[in-house]
Amino acid sequence: MTREDIIQPSNLVAGRPTLMNNTPMHYCPGCSHGVVHKLIAELVEEMGLTERCVGICPVGCAVFAHNYIDIDWIEAAHGRAPAVACAAKRLYPNHLIFTYQGDGDLACIGTAETIHSLNRGDDITIIFINNAIYGMTGGQMAPTTLLGMKTSTCPYGRQSDLHGFPLKITEIAASLEGTCFVSRQSVHTVAAINRTKRALRHAFQNSMEHRGASLVEVVSTCSSGWKMTPVEANAWMEKNMFPYYPLGDLKDTTKDNRPQKTENR
Amino acid sequence: MVKESETILLKGNEAIAHAAIRCGCDGYFGYPITPQSEILETLALEKPWETTGMVVVQAESELASINMVYGGGAVGKRVMTSSSSPGVALMQEGITYMAGAEIPGVIVNVQRGGPGLGTIQPSQSDYYQATRGGGNGDYNIIVLAPASVQEMADFMDLAFTLAFRYRMPAMILSDGIIGQMMEKMVLPPFKPRRTDEEVKRECPWAATGRSGREKNFLTSLSLDPAWMEEHNKHLQAKYETIRQTEVRFETYNTEGADYLIVAFGSAARIAQKSIEICREEGLHIGMLRPITLWPFPTQAIRQLSERMKAIMCLEINAGQMVDDVRLSVAEGCPVCHYGRMGGMVPTPEEIVQQIKSQLIK
C-alpha cells in the first residue's frame, strides 16, 4: 500500500473543519482554546447553521477567536458578552447565538450579565473556559483560582482571608430557573473531547429550540499561566481542578421532566 | 391606538416610547431611573412585540442595557435605550465601544441634577459628557436637544437615521422638564420595521450570519497601533463630514436684535418667554437654539455674533455650552452666562433680570 492509497477521503478520521481557516493560532502550546474552537467549528457546520450563527467574543485570550472560525462575530466589552448575545438572539430568534468567555470575563467582571442572562432564560449558549487564571494579561488571580494556587497577584498562593474563595458559578447557573442545560466538561483526553462535543451540540440544539439558556463549562489548562509543560498542566488539572470543579451534567431539564420556560415571544 | 395626525396630550417620556414604536424601532433595552421611567412603562403597556414585533427588555443595569444596544446595533437593528444622568454615566463604556466598532444605536438621556446621585429634578449638566464623547478615546456622538414634547417624538426617527447613516451612537439629550411635562402633540406617521432582508441589504457590515459574503466581525480592538491610528483618522474624517453637513439650529427674533441669547432644550423654552417679556418692555433680544449640540452650530453663532453687542448663554448648569459659544463668536463680542444648578430651574422673570444686569450693561 502506497502513501497515496492511504491518503483518501474515505480513510479520513480527523481533519480541520472547513469553517476553521489557516490563520496560525496565537494560543500557547497545550492551551485548551484550540480544541474547543475546533469543536465549535465542527458543530456549526454539522448542524447547518453557518448562515444563521453569530459568536460573541470575550475580552481575554479568546478575544481573537474570530480570527480562526469563519462565522460572523461581535467583540463584546469585558464581561458583557451575555448582554450582547441577549439582544442579538431576541432580534434574530432563529439564529444560533453563543458567547465564548473565560473565567475573568464571565465569573468576575461580567457576573451580573452572566447571571441575569441565564436567569432570563435567554435562548443562548454560554461556553465558559475555566482555567483558573487570567491568561491574556499575564497570569493574575481569577475568581476561579484555587486556594493555595500561585498567580502574579497572589504570589504566595490564594488565601481565603485575603482573596475569598474560588467561585463555582456553574453551580449557581444550575440553580437558576432560566437555564435548561448546565454541564461541566474538559478537553484533556479524546474521550473528554467527545463528551464536550456532545454537551455543546445539546446546548446549541437547546438554543435553536428556544428551551432557555445553556452553559457549558470547560475546565481548561493554561500551561503558560500555570508555568508548567502541557503534560504537567493536564496532570495538575486532573489532580487539583477536578475535585473542586467535578465534571458532568449539573442540570438538564430536557431529560428530567422539569417545566420548560414558557414561550411568550 | 392613536389615529394618524390626531392631536393628543402626552408626556415627553411617553412621546419617546410611542415614537419609537412608530418609527420602526426593533428593540428597547432599559433600566428604570427617575425622571424617565415612563419610557419603559409606556412600552410595557403598549406591548409592541405583539404588533410591530419590537423587542422590549428590562435589563439588570444600565451597563447591560447599553451592551444590549451594542449587540442589537451590531446585528443591524434599530435599537435604543433610555436613562437619566447617573445611568448614562454608567453607559459610557458601551457608548465608546459603539463609537470604536462603528455600531449605530440611540441613547435617550432625560437629564437630572448631579453630580453623583444628585437630584431627580431637571438639569442640563450632562452637556460636556454628551458633546465631548463621554467615554475613553477620541470620539464624538451625535447629540440632538429637543425643546418640546413634539420634538421628543420627531427626533426619534431622526436619531436612528443619523445613527445608521454614520454608523455611530446618537443621543437625544433631554431633561426632566421635557420628559415630565405634558403638551399637545402629533405622533409621527407609522413606519414599519425593516425586514431581515432589508437589514442585510442596508447594513452589509452587520453580523447577521455569514451568508453569500465573507464573515463580518465588529470590534473596537486592534493591537496594531498603525492600524488603529488609521481607524482613528477614518473616524475623525467621518466626524468632520458630520460637522459640515448635519448642523441643526433654530433662530428666534434675531432680525434687528442687538443682543442674543443662546440656549438649548428646556432652557430655550424658558428664554423664549423672557424674550417676550423684554419685547413688551421695548427690549429687542434674539435667540439661537442649537438643535444639534454636536455638531455645534459654530458658524451660525459666529455670523450672528458679528452684529450683536453681547451674547448671553442660558443653561441649567454651571456653564458648559458657554465654552462652545465663546469658541464660536467673532472677536470682541462679549459672552456671559447664566444658569441654575442642582435641579433648580430659572424663571422667565429671573432671566429678564439677568438680561438687564448682565447682557445689556
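The values are calculated or read from the model by the stated rules, or taken from the named source; none is laboratory data. As the structure is a prediction and not an experimental result, all values here were calculated from the model. Note that each Cβ is placed from the backbone with ideal geometry, even for glycine, and that neighbours are counted across all protein chains shown.
Brief remarks follow.
- The residue that is surrounded by the most Cβ atoms within 10 Å (Cβ to Cβ), among those in the range B:132-147 that are of a type in the set (A, V, I, L, M, F, W, C) and in a loop (DSSP other than H, G, I, E, B), is B:ALA145.
Quick grid of which residues meet (1) part of a loop (DSSP other than H, G, I, E, B); (2) crowded, with 24+ Cβ neighbours inside 10 Å; (3) assigned by TED's automatic domain parsing to the domain that holds B:LYS11:
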position: B:ILE261; (1), (2), (3): no, yes, no
position: B:ILE270; (1), (2), (3): no, no, no
position: B:SER274; (1), (2), (3): no, yes, no
position: B:ILE277; (1), (2), (3): no, no, no
position: B:GLY282; (1), (2), (3): yes, no, no
position: B:GLN299; (1), (2), (3): no, no, no
position: B:MET312; (1), (2), (3): no, yes, no
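- Hits in the range B:195-227 (condition: basic (Lys, Arg) and more than 7 Å from chain A (Cβ to nearest Cβ)): B:LYS200, B:ARG201, B:ARG213
- Yes/no for A:VAL63 being in contact (Cβ under 8 Å) with a residue 24 or more places away in the chain and either in a loop (DSSP other than H, G, I, E, B) or buried (at least 21 other Cβ atoms within 10 Å of the Cβ) (or both): yes
Rundown of residues vs (1) part of a helix (DSSP H, G or I); (2) closer than 18 Å to B:LYS11 by Cα, yes/no style:
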{"site": "B:MET80", "(1), (2)": "no, no"}
{"site": "B:GLY100", "(1), (2)": "yes, no"}
{"site": "B:ILE103", "(1), (2)": "no, no"}
{"site": "B:VAL106", "(1), (2)": "no, no"}
{"site": "B:VAL110", "(1), (2)": "no, yes"}
{"site": "B:GLY116", "(1), (2)": "no, no"}
{"site": "B:ALA130", "(1), (2)": "yes, no"}
{"site": "B:GLU151", "(1), (2)": "yes, yes"}
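- Candidate set: the range B:39-61, residues that are more than 11 Å from chain A (Cβ to nearest Cβ) and acidic (Asp, Glu); chosen: the one farthest from A:ASN94 (Cα to Cα): B:GLU41
- Residue within the range A:23-37 that is within 12 Å of chain B (Cβ to nearest Cβ) and either in a helix (DSSP H, G or I) or crowded, with 19+ Cβ neighbours inside 10 Å (or both) present: no
- Inter-residue pairs, beta-carbon under 8 Å, first within 18 Å of A:TRP226 (Cα to Cα) and in the range A:156-169, second aromatic (Phe, Trp, Tyr), 6+ apart: A:PRO166/A:TYR244
- Just one residue in the set B:PRO35, B:PRO48 is under 19 Å from B:ILE177 (Cα atoms), assigned by TED's automatic domain parsing to the domain that holds B:GLU183 and touching a helix residue (DSSP H, G or I) at 6+ places or on another chain (Cβ under 9 Å); that residue is B:PRO35.
- Among strands (runs of 3 or more DSSP E) entirely within the range A:66-149, having at least 3 residues that are buried (at least 22 other Cβ atoms within 10 Å of the Cβ) and more than 9 Å from every other protein chain (Cβ to nearest Cβ) singles out A:96-102, A:125-130.
- If you go through the range A:170-197 and keep only what is of a type outside the set (Ser, Thr, Tyr) and within 13 Å of the chain's Cα centre (by Cα), you end up with A:VAL182, A:ARG184, A:GLN185, A:VAL187, A:ILE193, A:LYS197.
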